[in-house]
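Just below is one structure, and these are the notes that go with it.
We did not get these values from a lab; they are worked out from the coordinates using the rules stated. Since this is a predicted model, take the numbers as computed values, not measurements. Backbone-built Cβ (ideal geometry, glycine too); neighbour counts: all protein chains shown.
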Amino acid sequence: MTQTIDLAQNRSVHRTVLSNGIVVLVTENPAADIIAARLFLQGGHRSEAVHQAGLCHLVASVITKGTQTKSSMQIAEQVESVGASLGIESSSDYFLASVKTVSTDFPEIFTLMGEILRSPSFPEAEVELERKLTLQAILSQQEQPFAVAMEKLRQALYGNHPYAYTSLSTAETIATITAQDLHQYHKTWFRPDHLVISIAGRIDAKTAIAQVEAVFGDWVVPTEAQPTVSLPAIETEPTRVLTPQETQQSIIMLGYLAPAMSSDLNSLTEFAALKLLCTYLGNGLSSRLFVELREKRGLAYDVSAFYPTRLHTSHFVAYMGTAPENTQIAVDGLKTEIDRLAAHTLSTEELQTAKNKVLGQYALGKQTNGQIAQTLGWYEFLGVGVDFDRHFPAAITAITPEIAQAAAQRWFGQPCLSLLGPEAWITL
């Protein structure tokens with residue numbers, strides 16, 4: 001049965017659930033002769049065992065390097081011969097497979113993606129090559145001050161929770177993972193009853209669903225239940241993490257735990273309020289942090305804030321880079337700006353400016369077929385439903401200065417501080 005759901009911006013999506021549990025979303029958008037598909041699969045880094053951290057990164061990196069009938073070179077040639085794009089990546093919460101082609105080539109490349117997802121070969125040589133590349137990437141990250149400071153902050157916020165680590169994980173765990181481990185993970189986690197396929201472009205719902213049925217309709221649900229992800233409790237205490245490093249600037253990060261996305265009305269209000277506060281603080285040259293700490297006081301080389309959307313407890317981070325001799329005064333300045341949100345209500349004008357930014361960027365973020373497929377597939381995968389596309393702008397519009405202040409008071413208590421820079425300046 002196909003259900004049609006009206007979205008924002010005068011769009012609608014057709015939602016169908018196949019007999020094997022696959023959820024298919026189709027958004028017709030004939031403006032350009034392009035079709036994009038996003039396929040979301042359960043798993044991601046939250047599903048890894050501690051001793052196999054980084055396994056999902058290797059699965060995503062190697063899965064396109066061979067199937068039971070095709071080599072890595074044959075796959076690459078098939079995709080490149082029609083100018084298409086095809087890729088798979090892992091995140092904290094899911095695997096994401098992406099396809100983009102002109103409409104006439106979509107059946108061929110979508111069928112190839114189906115073969116890759118269902119019958120990868122994980123060649124030993126490709127696993128070993130990707131392991132070496134990953135170890136190099138880990139070393140490279142350790143030379144990037146921002147990445148190191150952020151890793152320390154995540155660990156302080158999340159402890160033993162998988163969100164504490166990057167997708168690359170550690171050299172120690174990557175070194176022990178075998179091709180057999182990749183095969184076992186694929187067998188356990190890649191299955192149709194936890195797959196969302198979102199398609200957008202010059203294609204009608206009937207044709208798209210028929211294409212999905214042809215590629216995935218005979219994928220049988222395993223008799224074994226998918227493992228339950230058991231995540232450790234997050235018990236964060238205000239922590240000051242100092243990382244001495246002889247850098248040209250000090251990196252300052254203040255981190256707070258923050259709510260996950262939810263369709264529950266109260267949780268949605270909190271989520272929307274913090275998205276607005278993040279935009280107010282750190283989005284663009286007119287943001288509060290940029291104006292106050294960089295333009296007026298000259299403290300910051302770089303300053304901003306971010307609040308990523310997560311399936312589980314997220315984090316709200318404000319950060320800046322500053323001259324080492326300004327480290328302590330910059331820490332105080334950044335903390336003062338966060339505390340101000342809880343102590344004072346924003347003016348109507350300040351809040352409206354933030355709303356305009358959020359709503360404008362939200363609309364602009366759904367212009368291409370790839371963006372449309374990504375957004376709607378992500379909402380379905382998160383469990384909030386594709387009609388969240390209407391609920392989110394409405395929730396943003398409904399936030400008042402008092403609601404924003406209450407959210408700041410609830411979530412911006414004592415932060416975790418990650419401080420990286422020359423030892424003489426960060427230990428004062």
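For D302, the amide hydrogen comes within under 5 Å of the amide hydrogens of G321, counting only partners 5 or more places away or on other chains and with H modelled in the peptide plane.
What is the sum of charges, Lys and Arg at +1 and Asp and Glu at -1, for the other residues whose Cβ falls under 14 Å from the Cβ of S267? Each step should come with its number before you reach the end.
Numbers: positive: K275, R310, R410; negative: D264, E270.
Taking every other residue near S267 into account, the sum is +1.
Entry note, the range 317-428: relative contact order of 47 percent, from Cα contacts under 8 Å with a spacing of 6+ residues.
Think of the chain as having a plus end and a minus end, set by charges on the Cβ of Lys, Arg, Asp and Glu; of P232, L334, W378, L334 sits farthest toward the positive end of this dipole.
Rounded, prolate or oblate for the range 240-426? Axes are the square roots of the Cα gyration tensor eigenvalues, ordered a ≥ b ≥ c, and the cut-off for rounded is a/c under 1.5. It is prolate, given that a/c is not under 1.5 and a/b is the larger ratio.
Only Cα pairs under 8 Å and 6+ residues apart enter the sum, and on that basis the relative contact order of the chain stands at 22 percent. You can think of it this way: the chain between S347 and T228 has 38.3 nm of extra reach, that is 0.36 nm per residue less the Cα-Cα gap.
Checking [x] 77, 57, 41; [y] 70, 49, 39; [z] 62, 50, 39 against Cα extents along the principal axes in Å calculated from these atoms, the matching label is [z]. Distance from the C-alpha centroid of the range 373-413 to that of the range 223-260: 22 Å, rounded to the whole angstrom. Look at where the Cα atoms of the range 123-151 and of the range 271-315 average out, and the two centres are 28 Å apart.
For the range 240-426, give the share of DSSP beta bridges that are antiparallel, in percent and rounded to the nearest 5; count only bridges with both residues there. Working shown, then result.
Details: 19 of 24 bridges.
Bridges in the range 240-426 are about 80 percent antiparallel.
Hey, what angle do you get for helix 327-343 against the long axis of the chain, alpha-carbon based, 0 to 90 degrees rounded to 10? The two axes meet at around 80 degrees. The charge dipole of the range 46-168, taken about the Cα centre with unit charges on the Cβ atoms of Lys, Arg (+1) and Asp, Glu (-1), comes to about 340 debye, rounded to the nearest 20. Note on A125 and E213: with the Förster distance fixed at 41 Å, the Cβ-Cβ geometry gives a FRET efficiency of about 0.70. Taking Cα centre as origin and charging only the Cβ of basic (Lys, Arg, +1) and acidic (Asp, Glu, -1) residues, the dipole magnitude of the chain rounds to 600 debye. Protection proxy ranking of 370-378, 19-27, 387-395, 224-232, by the mean of other Cβ atoms within 10 Å over each peptide's residues and highest first, is 370-378, 19-27, 387-395, 224-232. Put simply, the amide H of L195, placed in the peptide plane, has neighbours under 5 Å in V23, leaving out anything fewer than 5 places away on its chain.
Based on the mean of other beta carbon atoms within 10 Å per residue, what is the order of 201-213, 271-283, most packed first? Provide the component values of the computation, followed by the final result.
On the way: 201-213: 19.0, 271-283: 23.7.
So the order, starting with the most tightly packed, is 271-283, 201-213.
Peptides 348-354, 360-366, 86-92 ranked from most to least packed, by the mean per-residue count of other Cβ atoms within 10 Å: 86-92, 348-354, 360-366.
Using θ = phi - 60° and the Karplus form 6.51 cos²θ - 1.76 cosθ + 1.60, what ³J(HN,Hα) does each residue of the range 358-375 get, whole Hz, x for Gly and Pro? For the range 358-375, the Karplus curve yields 4, 5, x, 5, 5, 5, 5, x, 10, 8, 8, 4, x, 5, 5, 4, 5, 4 Hz. A dipole drawn for the chain from +1 and -1 charges on Cβ atoms has a positive end, and of Q245, H45, A318 the residue lying farthest that way is A318. Pairs exceeding a 19 Å alpha-carbon distance, out of K100/K275; K296/K335; K275/K357; K275/K355: K100/K275.
For W425, what is the net charge nearby, where nearby means another residue's Cβ is under 12 Å from its Cβ and Lys, Arg count +1, Asp, Glu -1? Display every interim value, and only then the final one.
Details: positive: none; negative: E246, E325, E423.
The answer is -3.
For the range 210-329, what does the relative contact order come out to in percent, with C-alpha contacts under 8 Å and a separation of six or more?
Numbers: 141 pairs, mean separation 34.1, N = 120.
Reported relative contact order: 28 percent.
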